Amino acid sequence: MEFKEIIAQLGDIAALNSFNCNQNLNPEISSLAAIDLATTGNLSYIEGARFASMVEKTEASALILPNDETLQAKATQRGIAWIATKEPRLAFAKAIALFYQPYQPNPGIHPTAMIAPSAVIGKNVSIGAYAVVQKEVKISDRAIIHPHVVLYPEVEIGENTTLHANCTIQERTKIGANCVIHSGAVIGGEGFGFVPTPEGWFKMEQSGYVVLEDGVEIGCNSTVDRPAVGETRIGRNTKLDNMVHIGHGCKIGSNCVMAGQVALAGGVTVGDRVMLGGQVGITNHVHIGDGVIATAQSGITNSVPPGEMVSGTPHVSNRLYRKASVIYRKLPEIYETFKQVKQYLAEK
Amino acid sequence: MEFKEIIAQLGDIAALNSFNCNQNLNPEISSLAAIDLATTGNLSYIEGARFASMVEKTEASALILPNDETLQAKATQRGIAWIATKEPRLAFAKAIALFYQPYQPNPGIHPTAMIAPSAVIGKNVSIGAYAVVQKEVKISDRAIIHPHVVLYPEVEIGENTTLHANCTIQERTKIGANCVIHSGAVIGGEGFGFVPTPEGWFKMEQSGYVVLEDGVEIGCNSTVDRPAVGETRIGRNTKLDNMVHIGHGCKIGSNCVMAGQVALAGGVTVGDRVMLGGQVGITNHVHIGDGVIATAQSGITNSVPPGEMVSGTPHVSNRLYRKASVIYRKLPEIYETFKQVKQYLAEK
Amino acid sequence: MEFKEIIAQLGDIAALNSFNCNQNLNPEISSLAAIDLATTGNLSYIEGARFASMVEKTEASALILPNDETLQAKATQRGIAWIATKEPRLAFAKAIALFYQPYQPNPGIHPTAMIAPSAVIGKNVSIGAYAVVQKEVKISDRAIIHPHVVLYPEVEIGENTTLHANCTIQERTKIGANCVIHSGAVIGGEGFGFVPTPEGWFKMEQSGYVVLEDGVEIGCNSTVDRPAVGETRIGRNTKLDNMVHIGHGCKIGSNCVMAGQVALAGGVTVGDRVMLGGQVGITNHVHIGDGVIATAQSGITNSVPPGEMVSGTPHVSNRLYRKASVIYRKLPEIYETFKQVKQYLAEK
């Protein structure tokens, strides 16, 4: 695809570009690449200071640049075509979509798909080989059910939602429109509810529901558990990475992101636009306010007010954490002084 | 269901109740709910001080209360039916079971289930669509094998045990009676055994066995590995949450609970009634005594005596951990004083 | 198998042995066992000081010993047959392979396997029941595809590679020769790439590739993600345990080992022979040098030079970590002194 055509398709986001000044800077773009690996025919991008110096060495034929005139001049000087935007990463994401769309099976129901007579299947749905759709399941229009997906009875799947191979959706689960459930994920499995008795653990049946609102994405091998009563709910456009565990009865707001291996115990409530780094754990029944950020491996043991950034186990403010982490490294030195002081105090 | 009937069915546990004093307090109960979400027609429960004040605001029609006369009087005053018990959560669990039982497929073998001729299948077993039961597998009476379960050769499954969709049970695994294996779990996969050599890692074949005793429950996407020699064993009525990893050769006692994302390295031995919080890790070949509690994210690097409560990485007693965590937050302040002291000592 | 025959089959590694001195020390070996559980007819091994004293009590009929004459004399005295080697664990691994090979299905394509006409299948391949092999997939000679594996379009599987039941290999993935992918693993799932916009998260399509080089092993329920551009690559003979998460665009060298529940964020580069303990997390775009060791639960937030051993979150050198961990336990004591000093300084 010519660079000129990419500019045209990206629209407003690409208004400022080298092509306006130099009609010759119109390379043929064959694919996209990261800035450090780009070669002739590649379009790449630079975002922020970290990779800015790469403009001087990259072999990319075209770049998406931030609004930085020095970088733009440097690119022009090196004969690299460019567009400039406030959001280079977003423009790059849009450019990828010009070159690639993920594999999607065609609509149609594979003859080996096992579909209960009472299931209700919408229009233009794709259901792959050996998928199992049990009684009274409802699948809405244009949903894509990859091979080997198992839907337990009464599950509901919204429009345009994609379920990847080998995921399992259990009873009492309702998944909204435009969701993506990745391979190996289990939605609606029984919450971990056992009551101690002298004879051992008494199982609390998990009679509640799981609701994923529209636009939710659940990573590979993640799990979202069904509660004893009430709902486990994940809000609109919230995105979960791989191996994230959402305990029974959690209520998660909209537009959150949770990185790999995050675990929420039962009954946690999470506001909107919360960002949890990898391997964060949250104890049961706490509340995480809107816009909270928890850095990777944080262990959150109490509720966190909106807008806070927290770190560590048990969590503290990120500001305190960064200070204390530096001092932690000086503990051996502090301890030497402590011993001297202790002796000094004893001798006084 | 009338409240009167619930009381009757709960038996001894509900001996003390509002109905004895006030025959009119017999609401129709349609379902159960958490105390903060309960509305008319709901039965809910209160356990301990945390939610006690909810008696004054809940819209529940009936409550399971602790043995607290103030709460009982308040409920009566508000016209809420109640029962009182030492174990409100247990009574609530029993009440849920009056309203809901998890989906169970009927006995019978689906025509698409692929069952080896040498497999031995008990009475009233359910085997779902596309399940694969390989040679010499033994499945006992009333076991439930959901769709898409794969059983490797020679696996044994006990009576009344349920295997959820998409779980995999590999060779040399014996699962007892009344167990539940949730979706995506893998039991009997090869332990992680490699020996360093100058040519790279030499694979140690995992020729041992995995044994789950009766009443064990394994969460979604959890894994229990097969050892090189001997057994990996999980004791009676031990319950594992989702994404728990049990390394090769671990021996786990009875009535333990392990929350989400716990990981035990190889050869760990665990006593009875041990409770591990979420994301706890235990290093190889240590012993965890009976009744030990490890709080979430603990990293256990040495054996722990019976009855201890431990926290932190590397773990310390929970008592020390709580103190040290508070002081950790004062490290910046301590460090300022340290610098003054250091200067003072230098000037002396 | 007679001990004599085991010695013969182990070859050079068993040159020094009790049989040379005493022709009668030739017990019949029925199986192998760990040293603390071994009984008559078992071969076991002792490696290092930790289990050395077991020579005096073990009921094993034969032992693999280190080059330690005292242990050898003790074994002879107790009538235990033995071989001695620098590498007892390696010799034990080789002995296991004389008694056991993991279950392998015979070559052949199960009639229920769903194979696209455009797929290319090599010689002596085994494809199990209900496996799904989509269009233009290439499977090389002697590969073993267990039941219920799903291969997305255009996937390539190398010679002698084994895919266990219920794993999923998505588009744009190339797996080399002699690899093992365990049950529930997902290779080639979409990387977690979302760009924030005022309207929510914009999905960056993951148009890159995943490459596993020869001899790679991926544990049960682990995930290796496909990147937006470029490759995610795992080098020759690198071994991953269960539930390991490899983010999009990571480049991992050869002969690494990663224990259970390790998580690498996007774009991490890892050298050769790196060893990561269980539950280690690594933040995005850092570089881990050759031969680095990170102990369990480390949180690596910056690049680590070759050969370093690191621990803790945020990581520090293991040497500092061990010192600081000991002092951490003294924080309450240090704090008492700190308060005295503070008062003393205030009064001066």
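The values are calculated or read from the model by the stated rules, or taken from the named source; none is laboratory data. In this text the structure is predicted, and so the values were computed from the model without any measurement. Cβ sites come from the backbone with ideal geometry, for glycine too, and all protein chains shown count toward neighbours. Only protein heavy atoms, including side chains, enter the accessible area calculation; ligands, DNA and RNA are left aside. Shrake-Rupley method; radii C 1.70, N 1.55, O 1.52, S 1.80 Å.
Observations
- Checklist (1) closer than 30 Å to C:SER183 by Cα; (2) over 12 Å from the mean Cα position of the chain (by Cα) applied to A:MET243, failing item: (2)
- Residue in segment A:117-130 that is surrounded by fewer than 23 Cβ atoms within 10 Å (Cβ to Cβ), among the charged types (D, E, K, R) and farther than 27 Å from C:GLN134 by Cα present: no
- Residue in segment A:97-110 that is touching a residue at least 24 places away in the same chain (Cβ under 8 Å), aliphatic (A, V, I, L, M), touching a helix residue (DSSP H, G or I) at 6+ places or on another chain (Cβ under 9 Å) and open to solvent by less than 40 Å² (accessible area, probe 1.4 Å) present: no
- Residue that is nearest to B:HIS148 (Cα to Cα) [pool: residues in segment C:140-153 that are assigned to a loop (DSSP other than H, G, I, E, B) and facing another protein chain (nearest Cβ under 8 Å)]: C:HIS148
- If you filter segment A:258-269 down to residues that are closer than 16 Å to B:GLY278 by Cβ and of a type in the set (Val, Ile, Thr), you find that the one that is surrounded by the fewest Cβ atoms within 10 Å (Cβ to Cβ) is A:VAL268.
- Given (1) modelled with pLDDT under 95; (2) in contact with a Phe, Trp or Tyr (Cβ under 7 Å, 6 or more places away or on another chain); (3) not aliphatic (A, V, I, L, M), number of the condition A:GLU205 does not satisfy: (1)
- Failed criterion for B:THR232 (all others in (1) open to solvent by less than 30 Å² (accessible area, probe 1.4 Å); (2) without any contact (Cβ under 8 Å) to a residue 40 or more places away in the chain; (3) among the hydroxyl-bearing types (Ser, Thr, Tyr) hold): (2)
- Positions within segment A:1-11 being surrounded by 14 or more Cβ atoms within 10 Å (Cβ to Cβ) and either hydrophobic (A, V, I, L, M, F, W, C) or within 21 Å of A:ASP68 (Cβ to Cβ) (or both), in sequence order: A:MET1, A:PHE3, A:ILE6, A:ILE7, A:LEU10
- Single residue of segment B:12-70 satisfying the filter (within 13 Å of chain A (Cβ to nearest Cβ), of a type in the set (S, T, N, Q) and surrounded by 15 or more Cβ atoms within 10 Å (Cβ to Cβ)) that is nearest to B:ARG89 (Cα to Cα): B:SER44
- Selection within segment A:183-202 - touching a Phe, Trp or Tyr at 6+ places or on another chain (Cβ under 8 Å) and either surrounded by 24 or more Cβ atoms within 10 Å (Cβ to Cβ) or within 14 Å of chain C (Cβ to nearest Cβ) (or both): A:GLY188
- Output for segment C:243-257, where each listed residue is buried (at least 23 other Cβ atoms within 10 Å of the Cβ) and within 13 Å of chain A (Cβ to nearest Cβ): C:MET243, C:VAL244, C:HIS245, C:ILE246, C:GLY247, C:HIS248, C:GLY249, C:CYS250
- Residue within segment B:214-225 that is within 12 Å of chain C (Cβ to nearest Cβ) and either modelled with pLDDT under 95 or open to solvent by 10 Å² or more (accessible area, probe 1.4 Å) (or both) present: no
- Flag for B:GLY291 being in a loop (DSSP other than H, G, I, E, B), assigned by TED's automatic domain parsing to the domain that holds B:ALA177 and on the phi < 0 side of the Ramachandran plot: no
- Any hit, segment A:126-139, residues being over 30 Å from A:ASN17 (Cβ atoms), of a type in the set (Lys, Arg), assigned to a loop (DSSP other than H, G, I, E, B) and more than 10 Å from every other protein chain (Cβ to nearest Cβ): no
- Scanning segment B:119-146 for residues that are within 20 Å of B:ASN166 (Cβ to Cβ) and not hydrophobic (A, V, I, L, M, F, W, C) yields B:SER126, B:GLY128, B:TYR130, B:GLN134, B:HIS146.
- Tally of residues being more than 10 Å from chain B (Cβ to nearest Cβ) and more than 19 Å from the chain's Cα centre (by Cα) across segment A:278-304: 5
- Answer residue from segment B:305-329, given it is facing chain C (nearest Cβ under 8 Å) and β-branched (Val, Ile, Thr) and is nearest to C:ARG319 (Cα to Cα) among those: B:THR313
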